[in-house]
Each structure stands twice: as structure tokens, then as C-alpha cells.
Amino acid sequence: PFAVRTRQRIYLVQPSHVSYAESALRKVRIHVGDEVVETYAKLSALMRELPSRFVQCHKSYVVNMGFIKEIAQEYVLLTTGDRIPISQQRRKRVREEVLAYIGRVV
């Protein structure tokens, strides 16, 4: 687990339970099951804490490849029903990393 600090608490988060994280206005929102943990941080700092099964598909989004249900041209659909955008610059790399992840898992 890794620690996420908020103003009032410190959360211990299991990476395998994180479906995705998003960054906006200097805040990072980490989606853990039905909860959202919000903290002031940079997405790049969070990426250093996460294992290799996470891929950055957009400058503002990081996705756990274990939750990917479908990859389309402009988005990733997660098993949670969330639709996460894929930037044009990262499209090829995301596809390659997901295929490599599937090869390791299967």
C-alpha cells in the first residue's frame, strides 16, 4: 500500500483497488472502489508510487490496466463503467503497454 495525505487524514491505499486517478487544479482524485480520495499532489508524484500495471493515458489521467474493459480510439472504458480519455500523443503507447500487460497476465 501507499500513503495518501489529505488535510485531516492519511489513507493507506492498495494499488490493486485503484481503478484510475485524475488530476485537476493541483488536486489528484484517486478512485478506490466506491470512494474517491482527494489530495493536493502532482500526478507525476503519484505515478512514482504506483506499480507498472498503471498507464498514463492522458496528461490528467492514470489508469489501472487491470480495470480496462475496452480500448477505443479516443477513450478507455473501465469495468467500473468510467470512460477515460486517451490523448492522441499517448494512444500508441497505451495500446502497446496494455497488450504487453495482457501478455504478462495471461
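A compact table of results
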read-out: Qualifying trypsin sites (Lys or Arg not before Pro) for segment 1-59 [loop in DSSP, other Cβ within 10 Å: at most 13]; value: Arg7, Arg9, Arg26, Lys42, Lys59
read-out: Accessible area (Å², per residue) of the chain, counting only protein heavy atoms and a probe of 1.4 Å; value: 66
read-out: Centroid-to-centroid separation of segment 90-106 and segment 10-36 [C-alpha atoms, Å]; value: 22
read-out: Of the GluC sites (Glu not before Pro) in segment 47-84, those whose Cβ has at most 16 other Cβ within 10 Å and which sit in DSSP loop; value: Glu74
read-out: In range of the label at Arg83: residues from segment 30-70 whose backbone nitrogen is under 19 Å from the point 7 Å along Cα→Cβ; value: 57-64, 67-70
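The values are calculated or read from the model by the stated rules, or taken from the named source; none is laboratory data. Just so it is clear, the structure is predicted and the values come from calculations on it, not from any experiment. So basically every Cβ, Gly included, is an ideal-geometry build from the backbone, and we count neighbours across all protein chains shown. With ligands, DNA and RNA removed, areas are computed over all heavy atoms of the protein, side chains included. Shrake-Rupley method; radii C 1.70, N 1.55, O 1.52, S 1.80 Å.
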